[in-house]
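Written out below as structure tokens is the structure these notes cover.
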Amino acid sequence: MKRALFIVFFAACSLMGYTQRPKLIEFGWDYPDVDQLSKGLPAMQNTPFDGICFSLQRTIMDAFDTAVLKDSYFNFEKLRKLQWGKYSDNYIILRGFGATGSRWQDDRAWKIFIKNMQSLSKAMQAGRVKGILFDAEYYFDDSLRNP
């Protein structure tokens with residue numbers, strides 16, 4: 001049965017003209033932030049990567065944090081000015097927790113989450129960013145901070 005499903009999937013992809021080549025995306029502990037990209041992006045072009053994962057600030061954004069992030073956090077203008085060169089597939093790193101403690105039952109907290117995600121969406125558009133690298137790893141022992 002699995003072999004038959006694989007054959008059907010392979011045939012469907014072939015008929016649809018699926019020709020996308022694999023992409024090599026750089027990600028690691030040495031991820032850059034927007035300031036570092038603004039200064040060093042041309043030099044980064046000498047790597048074999050098709051894209052890069054980066055953060056908006058040196059501290060990675062937390063998806064479910066109750067801190068209201070100001071527009072200055074998102075670096076809209078610096079993102080607009082980035083010249084990606086050969087980097088066609090770039091991703092903003094987003095952690096899936098909240099350092100201030102996610103308040104799952106608090107409607108006010110959800111308004112903050114939504115506002116921050118709307119600003120993140122604007123930053124992605126400003127920087128022509130392909131998507132989000134969502135880091136769902138738990139970093140805290142306190143279950144209120146983890147989704």
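Here are the numbers for this structure:
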item: Those residues of the stretch 39-69 which are touching a strand residue (DSSP E or B) at 6+ places or on another chain (Cβ under 6 Å), hydrophobic (A, V, I, L, M, F, W, C) and within 18 Å of K86 (Cβ to Cβ), in sequence order; result: F49, I52, C53
item: Close pairs from the stretch 114-142: first closer than 16 Å to D62 by Cα and among the hydroxyl-bearing types (S, T, Y), partner modelled with pLDDT of 95 or more and in a helix (DSSP H, G or I), Cβ under 7 Å, at least 6 apart; result: S119/D71; S119/F74
item: Count of residues meeting criterion [in a helix (DSSP H, G or I) and of a type outside the set (D, E, K, R)] in the stretch 96-128; result: 15
item: Test: residue in the stretch 123-139 that is at pLDDT below 95 and open to solvent by less than 20 Å² (accessible area, probe 1.4 Å); result: no
item: Residue list for the stretch 15-67, filter: in a loop (DSSP other than H, G, I, E, B) and of a type in the set (D, E, K, R); result: R21, K23, D30, D50, R58, D65
item: The stretch 74-94, residues that are in contact with a strand residue (DSSP E or B) (Cβ under 8 Å, 6 or more places away or on another chain) and open to solvent by less than 60 Å² (accessible area, probe 1.4 Å); result: Y87, D89, N90, Y91, I92, I93, L94
item: Residue match in the stretch 55-71 (condition: under 25 Å from K23 (Cβ atoms), open to solvent by less than 20 Å² (accessible area, probe 1.4 Å) and at pLDDT 95 or above); result: yes
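The values are calculated or read from the model by the stated rules, or taken from the named source; none is laboratory data. If you're wondering where the values come from, they're calculated on a predicted model, not measured in any experiment. Note: ideal-geometry Cβ built from the backbone for every residue, glycine included; neighbour counts use all protein chains shown. For accessibility, only protein heavy atoms count, side chains too; no ligands or nucleic acids. Shrake-Rupley method; radii C 1.70, N 1.55, O 1.52, S 1.80 Å.
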